[in-house]
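The values are calculated or read from the model by the stated rules, or taken from the named source; none is laboratory data. These numbers were taken from a predicted model, which means no experiment stands behind them. Every residue, glycine as well, gets a Cβ built from its backbone with ideal geometry; the counts of neighbours run over all protein chains shown.
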């Protein structure tokens, strides 16, 4: 059987469930490789994928024998077919963080089972990557590095933030990305002080700071990198070095088994001592989605595992004036972290 | 007060609610223009937008006095502040089709109110467009037409589906689109028989049918158009004309007040008589999202209204062989529909 489904079945057994109804398309893709719309039902013994006529052909072409998947056409299923998938009132997991309240009521009425919250059971499997996934992420990181290199060499005064963002996105696609991992951020001058600024028609000019947050998607997998560059001259050397030091400090404390909370607590203290405000989390896991769990926060204890992929992104912001963020994608190993995005982090003045 | 919020408040009163908690970012954007992450709380008297430090500056710049919006920073709110927004156990609407089951439980615990399903209250306001929205959609349609024209003139044998899709997307962005309304579909040869095919590395060659489904986004608003063109020669004249006739028949029956069900029932009969299978709905409303309610289906009575914007997209498919779809975006008027995408629909052989 497909390794990912096998691991999920072990979890289902552990949680004493009769099965799980998987509705989140990202989780379906992770478990089966399918991108077709539909519902995946993993039972203790049998697995079903319910889809519609639009996708049947495509699905039959993609699934493999080892997926052990029975493909059902929605239009052939009667009410009682749903009721017979599980025993009435049996405990069945559902994705409480994906299914809407209306969807929950619908599932309950359709399958006539007792729906049980699964606390991100599949997402926790996803957080540790296998070799194929790591390869895709490395390729997405390589595309990102190439695009950054291209853009630094082609950044001209007089371009707008939007034009620059478009240039980056087109370059990544031309380099083989499926698309972008998220809408590229190019924030110049005072716009850089908004951590989630959207590119505007502001023209980039002499003396500007330019914050670029970008990522590619390759075979569905994301990269995430931020760089802050300076036009003409750099007025924020001290602040830049503070951010860079924070990234170094955090990542040099990370390895498989690290308690994220402990490391982030220390970073927060440094911010306090140096008088910078913390405007967003220090990072996050990533994979098929650019933001996955766990986030790099200090709310509760949570631990890094080998082959997690994380983005570490400290930043300092002075609202209305400037913002600096440095972010890279890293692979967690037994002895530390391996940096996967590799663009220059010394102060770049263009 | 802002017209959209005013209309929502009337609905809240009609439904005897104390207010509504708006979490769907598209609905928040529609009501306030804000794209920042946060929660919008529309009460009978007071409106709050709860956001975090990342967005405060941006939000203060965008909101207008007539929005009558109190902006709150998440980090300054204590548990009891949430409990004081509404009277305990009062009836408050929530978006049951957006909020996850886990989110529902969280809202209930936080606000200590009785949450009431609102049956797409805001989405039904959104389905009828105002002048500004129609202008944006028209612009998105114009960009789509220009891109199609460009691509027909630049379609070369030897290009892959992916390359063609990238070319279309890059052109739309260069013409001023914010981005794409959805991932562009380019499906050639037998791939065209999958209504929701993703572009592959298949090379486009002599004798191919090429189905293109594309849309731009302009100031957040979508367009949606499909064309099916032929390379070298057209083997499917009869089928093409059937699809084109269906689009003409459906749209000539539509105007403000039309019962969608009645019109779609007739189209389905034609499909049956001519022996074609129906593989997807005949269309949908669109606006800030490319698929909005109502869909063009015949499940229950539903009526067109003046200034709804709809995509009408009949198609015929022979699995494993070919597919033909023709789709345009239309504005519903009192006397009929106005076609907003205007690309040539005669049989195009390149």
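When the residues of segment A:119-129 are narrowed to those that are touching a residue at least 24 places away in the same chain (Cβ under 8 Å) and outside any helix (DSSP H, G or I), which ends up nearest to residue A:43 (Cα to Cα)?
Going through the qualifying residues, I end up with A:120.
Could you check segment A:320-341 and list, in sequence order, the residues that are surrounded by 15 or more Cβ atoms within 10 Å (Cβ to Cβ), more than 19 Å from residue A:145 (Cα to Cα) and in contact with a helix residue (DSSP H, G or I) (Cβ under 6 Å, 6 or more places away or on another chain)?
Scanning segment A:320-341 gives A:322, A:323.
Do you know which of the residues in segment B:236-267 that are within 21 Å of residue B:318 (Cβ to Cβ) and surrounded by fewer than 16 Cβ atoms within 10 Å (Cβ to Cβ) is nearest to the chain's Cα centre (by Cα)? I'd like the intermediate steps shown before the answer.
Within segment B:236-267, the first condition is being within 21 Å of residue B:318 (Cβ to Cβ), and the residues that meet it are B:236-247, B:267.
With the extra rule that they be surrounded by fewer than 16 Cβ atoms within 10 Å (Cβ to Cβ), the set shrinks to B:237-238, B:241, B:245.
Numbers: B:237: 30, B:238: 31, B:241: 27, B:245: 24 Å.
Per the criteria, the residue is B:245.
Looking at segment A:202-224, which of its residues are more than 22 Å from residue A:177 (Cβ to Cβ), more than 14 Å from chain B (Cβ to nearest Cβ) and in contact with a helix residue (DSSP H, G or I) (Cβ under 6 Å, 6 or more places away or on another chain)? Explain how you work it out, then say what you get.
Here is the first cut: in segment A:202-224, the ones more than 22 Å from residue A:177 (Cβ to Cβ) are A:202-209.
Retained after the next criterion (residues that are more than 14 Å from chain B (Cβ to nearest Cβ)): A:203-209.
Of everything in segment A:202-224, those that are more than 22 Å from residue A:177 (Cβ to Cβ), more than 14 Å from chain B (Cβ to nearest Cβ) and in contact with a helix residue (DSSP H, G or I) (Cβ under 6 Å, 6 or more places away or on another chain) turn out to be A:208, A:209.
Filter segment B:24-53 for residues that are surrounded by fewer than 19 Cβ atoms within 10 Å (Cβ to Cβ), in a loop (DSSP other than H, G, I, E, B) and within 14 Å of another protein chain (Cβ to nearest Cβ); which is nearest to the chain's Cα centre (by Cα)?
Only one residue fits best here, namely B:24.
Quick check on my filter: what residues within segment B:66-81 are touching a helix residue (DSSP H, G or I) at 6+ places or on another chain (Cβ under 8 Å), outside any strand (DSSP E or B) and at pLDDT 90 or above?
Of everything in segment B:66-81, just one residue is touching a helix residue (DSSP H, G or I) at 6+ places or on another chain (Cβ under 8 Å), outside any strand (DSSP E or B) and at pLDDT 90 or above, namely B:79.
Would you point out which residue out of A:294, A:314 is at pLDDT below 95 and either within 21 Å of residue A:227 (Cβ to Cβ) or out of contact with any helix residue (DSSP H, G or I) (no Cβ under 6 Å at 6 or more places or on another chain) (or both)?
Values: A:314 fails: at pLDDT below 95.
Of A:294, A:314, the one residue that is at pLDDT below 95 and either within 21 Å of residue A:227 (Cβ to Cβ) or out of contact with any helix residue (DSSP H, G or I) (no Cβ under 6 Å at 6 or more places or on another chain) (or both) is A:294.
Any chance you could count how many residues in segment B:286-305 are touching a residue at least 24 places away in the same chain (Cβ under 8 Å) and either within 17 Å of the chain's Cα centre (by Cα) or part of a strand (DSSP E or B) (or both)? Full working, then the answer.
The first filter runs over segment B:286-305 and keeps only residues touching a residue at least 24 places away in the same chain (Cβ under 8 Å), leaving B:286-290, B:292-294, B:296-305.
Next, from what is left, pick out any that are either within 17 Å of the chain's Cα centre (by Cα) or part of a strand (DSSP E or B) (or both): B:286-290, B:292-294, B:296-297, B:303-305.
Of the residues in segment B:286-305, 13 are touching a residue at least 24 places away in the same chain (Cβ under 8 Å) and either within 17 Å of the chain's Cα centre (by Cα) or part of a strand (DSSP E or B) (or both).
Run residue B:312 past the list (1) within 14 Å of chain A (Cβ to nearest Cβ); (2) under 15 Å from residue B:345 (Cβ atoms) and report the number of the one that doesn't hold.
(1)
Looking at (1) at pLDDT 95 or above; (2) touching a helix residue (DSSP H, G or I) at 6+ places or on another chain (Cβ under 7 Å), which is the only condition residue A:264 fails?
(2)
Does segment A:162-201 hold any residues that are out of contact with any helix residue (DSSP H, G or I) (no Cβ under 6 Å at 6 or more places or on another chain), over 22 Å from residue A:141 (Cα atoms) and buried (at least 22 other Cβ atoms within 10 Å of the Cβ), and which are they?
Residues satisfying the conditions are A:191, A:192, A:193.
Please give the number of the condition residue A:116 fails out of (1) within 27 Å of residue A:219 (Cα to Cα); (2) assigned to a strand (DSSP E or B).
Single failed check for residue A:116: (1).
Looking at B:335, B:329, can you tell me which residue is in contact (Cβ under 8 Å) with a residue 40 or more places away in the chain and in contact with a strand residue (DSSP E or B) (Cβ under 6 Å, 6 or more places away or on another chain)? Before you say what the answer is, go through the steps one by one.
Numbers: B:335 fails: in contact with a strand residue (DSSP E or B) (Cβ under 6 Å, 6 or more places away or on another chain).
It is B:329.
Out of the residues in segment B:82-101 meeting the condition of being away from chain A (no Cβ under 14 Å) and in a helix (DSSP H, G or I), tell me which one is farthest from the chain's Cα centre (by Cα).
Across segment B:82-101, the extreme among qualifying residues is B:83.
Go through segment B:148-172 and give me each residue that's in a helix (DSSP H, G or I), within 14 Å of chain A (Cβ to nearest Cβ) and in contact with a strand residue (DSSP E or B) (Cβ under 7 Å, 6 or more places away or on another chain).
Within segment B:148-172, B:161, B:164, B:165, B:168, B:169, B:172 qualify.
Looking only at segment A:180-194, which residues are touching a strand residue (DSSP E or B) at 6+ places or on another chain (Cβ under 6 Å) and closer than 12 Å to residue A:322 by Cβ?
Restricting attention to segment A:180-194, the residues satisfying the condition of being touching a strand residue (DSSP E or B) at 6+ places or on another chain (Cβ under 6 Å) are A:181, A:184-188, A:192-193.
The answer is A:187, A:188, A:192, A:193.
Return only the number of the condition from (1) out of contact with any helix residue (DSSP H, G or I) (no Cβ under 8 Å at 6 or more places or on another chain); (2) within 11 Å of another protein chain (Cβ to nearest Cβ); (3) surrounded by fewer than 17 Cβ atoms within 10 Å (Cβ to Cβ) that residue B:56 does not satisfy.
Every listed condition holds for residue B:56 apart from (3).
Every residue, every condition in (1) modelled with pLDDT of 95 or more; (2) farther than 30 Å from residue A:185 by Cβ, yes or no:
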| site | (1), (2) |
| --- | --- |
| B:21 | yes, no |
| B:35 | no, no |
| B:42 | yes, no |
| B:46 | no, yes |
| B:54 | no, no |
| B:64 | no, no |
| B:92 | yes, yes |
| B:116 | yes, yes |
| B:122 | yes, no |
